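These notes concern the structure reproduced below.
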């Protein structure tokens, strides 16, 4: 077949077709170069309890004077900005004095820091998304066989507030509506693992039937394209196989799960404002749904954002949002910090404490849901007033099935913040000799928290 004929044939095959009930169902192909111009613990069966991984994000860092504990190691003290963690401190590891290394890249305000801690590389522009975020990497290891490979939500009501991506063209959009989040997780396609009977969902059966035909066509099509497009199709094929495994999971009667309980739909969404009280309410609603999604094994990887990196949360009676406050509020000379900016940060720590405690309240096996997961908390900067990347704080919560110690404060000695991400990936079963690029590259796990 000559090149022109081959391209004409591909033009007709921009959509792969599967048959269903005598009709044609189509599934779009990824954008290939040849379409562009030259410039272009145990269940009842004995199976082990699943391991889960989550991320949590807050914007605008902290004030080291009233955030960093004086004591390193177990039983660390709680300065003012961490006082909300009193009830969950035994579950939480705190990491301070770690640096996000820019190398020759610019410090892109509210962007560079979280990209480095989540993806291991410094971006060169505000649209650059190097690598992939840690949750995506881990989801490929532990999230392939659940209904959702991962779920993502935000408490600020803005779908764009997401800190998870596969690449610049594949950002995982955050769900901002508790009502829609409930429908996604526990709507019509949800199968209760503790139900007495099991009936395979005919919609899922139909989707799998269509997908089987599409997979065969994808393999055939890969023989007709360039090496670069073949690589894209290989990734597409891998993604389709992941989807097929998820369909298989939904068509198989799930194991009974004692920790899984019926979930009630929210009556309505909170108001579409960024008032601190409303954001906290939305965060609680999203958290409670996410907890039960993990308990019912709907997903094993989840992402929650309390705020955007340039947090626009507002305080009743104060005319400026959190972000503006960090830049314009003067430092109180008697306190030594910005009191209103600190007020906003303390609200975010209250929500972090709620997030951790919610997972710790669910009994699972001999422990809790939190014992069988690891949650990674990160932010965009250290001191937001100057967008500092030196001394950027991070958290973990949970014990990862007994692999991780908790209740420890780790001083990073100005080392790369990517050491924590590398440690997390090793704990979660990612087989990688190192992680990060340039000065952010590390092969040194944090032994202080490893069992």
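The values are calculated or read from the model by the stated rules, or taken from the named source; none is laboratory data. These numbers were taken from a predicted model, which means no experiment stands behind them. Heads up, the Cβs are rebuilt from the backbone with ideal geometry, glycines too, and the neighbour counts pull from every protein chain shown.
Have a look at 159, 151 and point out the one that is under 16 Å from the mean Cα position of the chain (by Cα), surrounded by fewer than 19 Cβ atoms within 10 Å (Cβ to Cβ) and either at pLDDT 95 or above or under 16 Å from residue 283 (Cα atoms) (or both). Can you show your working first?
Working: 151 fails: surrounded by fewer than 19 Cβ atoms within 10 Å (Cβ to Cβ).
On inspection, the qualifying residue turns out to be 159.
Would you pick out the residues in region 83-104 that are assigned to a loop (DSSP other than H, G, I, E, B) and either under 22 Å from residue 351 (Cα atoms) or out of contact with any helix residue (DSSP H, G or I) (no Cβ under 7 Å at 6 or more places or on another chain) (or both)? Steps first, answer last, please.
Taking region 83-104 as the starting set, the residues that turn out to be assigned to a loop (DSSP other than H, G, I, E, B) are 86-88, 100-104.
If the condition is that a residue be assigned to a loop (DSSP other than H, G, I, E, B) and either under 22 Å from residue 351 (Cα atoms) or out of contact with any helix residue (DSSP H, G or I) (no Cβ under 7 Å at 6 or more places or on another chain) (or both), then 86, 87, 88, 104 are the ones that fit.
Name, by its number, the condition in (1) within 18 Å of residue 55 (Cβ to Cβ); (2) touching a strand residue (DSSP E or B) at 6+ places or on another chain (Cβ under 7 Å) that does not hold for residue 357.
(2)
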